[in-house]
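These notes are about the structure you will find just below.
The values are calculated or read from the model by the stated rules, or taken from the named source; none is laboratory data. These numbers were taken from a predicted model, which means no experiment stands behind them. No Cβ is skipped: glycine too gets one built from the backbone with ideal geometry, and neighbour counts run over all protein chains shown.
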Amino acid sequence: MGILSSCLKDECEREVTYIRSTPVYMTKSEIRLGTATSESARELKNPGQFYYYQDHIFIVEDGEGVHIIDNTIPESPTPISFLAVPGADNMAIKNGILYVNNYIDLMAIDISNPVSAEVIGRTNDIFDPIWEDVNSGQVLVDYILEEVTETMDCHSFSLLRNRGGVFFTEAAFDFVDANTSLSNSSNGAVTGVGGSMARFTIIGDFLYTVSNTSLDVISLEQPTQPNFVSTVDLGWGIETIFPYEDKLFIGSNAGMFIFDNSNPAAPTQLSAFEHARACDPVFVKGNYAYVTLRDGNLCEGFVNQLDLIDISDLSNPELVESFPMDNPHGLTIRNNDLIICEGIHGLKAFDIEDPAILDEKMMDTYEGIHSFDAISIPGSRPLTIVIGEDGFYQFLYSKENGFELLSKIDTKR
């Protein structure tokens, strides 16, 4: 009796949606051919860091420049100009000079007339490039992200998933390449106020910036020619910097660093507080640091909470309590009012007169917005500005009345 045998070819296909990341290269000469230019106001599309300075709001359009908004009347903020700065993603202001990165360089821009800002200084090679080819002189300056949907066999899918520079949008295969990387100062100078997600901050005659791996110290003693002073290596996953008195609090996705800044040219580390791996902005008031931890691909974490840390002994910070949250991002404090941005969950406000029981003192929530970071504006009105994916918001907040929306500027995607 004969036996009929056959081989059936296994087939496996699937439709995959992912973000394709294409690198963009420029030479240093090409970077420096351009200069910051004042243009008419643009619509917000992809807002990033934001900053308050003398009744004006400055909002970074990631990689493109800075929106300037006249906020003399918070109920009716008026976009007045756009400062085109290729590669911009961080900024700080002192005495009418905006310090902003142009890819790897630092620009000093006179904003005394915000409608017609003028470049008055450039310091080359302040910031390390993402990558540099020393032979060709090209540096990696950006990635173009493009959403792609295609059908592929399982073998190709497996190769794609393990290739760098790919961000999957399919929930079952979330993946990111781990290798991708207002106050008056003591000398009377006037600076502005940044958010808790800030990576630039100014204290006195020094600008402090954080990269993914380090803290950089930059002298502003010659305001139009910032001068690189030193770098402090911190490891990987550095995210934010927050100044408080003569200390610097640096957030990373693995913990919080505390630096003594009594010698501004040479900050020295006092301690480090380790926490679960997560994104980590920090805000400090009195003897407490408030640290939000959230999950997400870029954060490499799985917790959503607010950590209250006792810093009365700066050399030995201690966890007091962890409070569950939805998806906390940036935060701000005005008097005893703590406001936390909860991403797609909106805003929450807490009374922190007794920080250890703040979870029992949630005073109000505001839903229906996507909030990323917040700044409490100095002055007699309890004004809080908020930035998020869907726009720029301004609120009055009080324990008596909760959140009162004053105005909004929508993003146009």
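Brief remarks on what is shown
- Unmet criterion (only one of (1) modelled with pLDDT of 95 or more; (2) assigned to a strand (DSSP E or B); (3) not acidic (Asp, Glu)) for Leu314: (2)
- A count restricted to the range 134-154 and to residues that are of a type outside the set (Val, Ile, Thr) and more than 17 Å from Arg32 (Cα to Cα) stands at 9.
- No other residue among Ile59, Ile73, Ile31 is out of contact with any His (no Cβ under 6 Å at 6 or more places or on another chain) and at pLDDT 95 or above apart from Ile73.
- Glu321 vs. criteria outside any strand (DSSP E or B) and modelled with pLDDT of 95 or more: no
- Qualifying residue in the range 62-80 (condition: within 23 Å of Gly204 (Cα to Cα) and not in a strand (DSSP E or B)): no
- Flag for Asp410 being surrounded by fewer than 21 Cβ atoms within 10 Å (Cβ to Cβ) and either within 23 Å of the chain's Cα centre (by Cα) or assigned to a strand (DSSP E or B) (or both): yes
- Test for Ser81: is it of a type in the set (S, T, N, Q), at pLDDT 95 or above and surrounded by 18 or more Cβ atoms within 10 Å (Cβ to Cβ): yes
- Conditions (1) of a type outside the set (Gly, Ala, Ser); (2) within 18 Å of Ser196 (Cα to Cα); (3) at pLDDT 95 or above; number of the one not met by Ile238: (3)
Yes/no matrix, rows are residues, columns are (1) modelled with pLDDT of 95 or more; (2) out of contact with any Gly (no Cβ under 8 Å at 6 or more places or on another chain); (3) aliphatic (A, V, I, L, M); (4) surrounded by 14 or more Cβ atoms within 10 Å (Cβ to Cβ):
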| position | (1), (2), (3), (4) |
| --- | --- |
| Asn179 | no, no, no, no |
| Ser196 | yes, no, no, yes |
| Arg199 | yes, yes, no, yes |
| Asp205 | yes, yes, no, yes |
| Leu215 | yes, yes, yes, yes |
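- Thr169 vs. criteria modelled with pLDDT under 80 and closer than 30 Å to Leu83 by Cα: no
- The range 45-57 residues that are outside any strand (DSSP E or B), paired with ones that are modelled with pLDDT under 95 and crowded, with 23+ Cβ neighbours inside 10 Å (beta carbon under 8 Å, 6 or more apart): none
- Test for Pro223: is it assigned to a loop (DSSP other than H, G, I, E, B), touching a Gly at 6+ places or on another chain (Cβ under 7 Å) and not aliphatic (A, V, I, L, M): no
- Here Ile309 clears all of (1) more than 22 Å from Ile59 (Cβ to Cβ); (2) surrounded by fewer than 22 Cβ atoms within 10 Å (Cβ to Cβ) except the condition numbered (2).
- Considering the range 59-87, and only residues there that are in contact with a Gly (Cβ under 8 Å, 6 or more places away or on another chain) and not aliphatic (A, V, I, L, M), the residue that is nearest to Lys412 (Cα to Cα) turns out to be Glu61.
- Residue pairs whose Cβ atoms lie under 8 Å apart, sitting 6 or more positions apart in sequence or on different chains, and linking a residue in the range 375-392 that is more than 25 Å from Thr411 (Cα to Cα) to a partner that is not aromatic (Phe, Trp, Tyr), are Pro378/Leu182; Pro378/Ser183; Pro378/Val193; Arg381/Pro74; Arg381/Leu396.
- Residue that is nearest to Val141 (Cα to Cα), among those in the range 61-78 that are among the small types (Gly, Ala, Ser) and surrounded by fewer than 18 Cβ atoms within 10 Å (Cβ to Cβ): Gly63
- When Gly286 is tested against the conditions (1) modelled with pLDDT of 95 or more; (2) in contact with a strand residue (DSSP E or B) (Cβ under 9 Å, 6 or more places away or on another chain), the lone failure is (2).
- Residue match in the range 350-371 (condition: under 21 Å from the mean Cα position of the chain (by Cα), surrounded by fewer than 22 Cβ atoms within 10 Å (Cβ to Cβ) and not in a loop (DSSP other than H, G, I, E, B)): no
- Any hit, the range 109-129, residues being at pLDDT 95 or above, within 18 Å of Leu207 (Cα to Cα), crowded, with 22+ Cβ neighbours inside 10 Å and not hydroxyl-bearing (Ser, Thr, Tyr): yes
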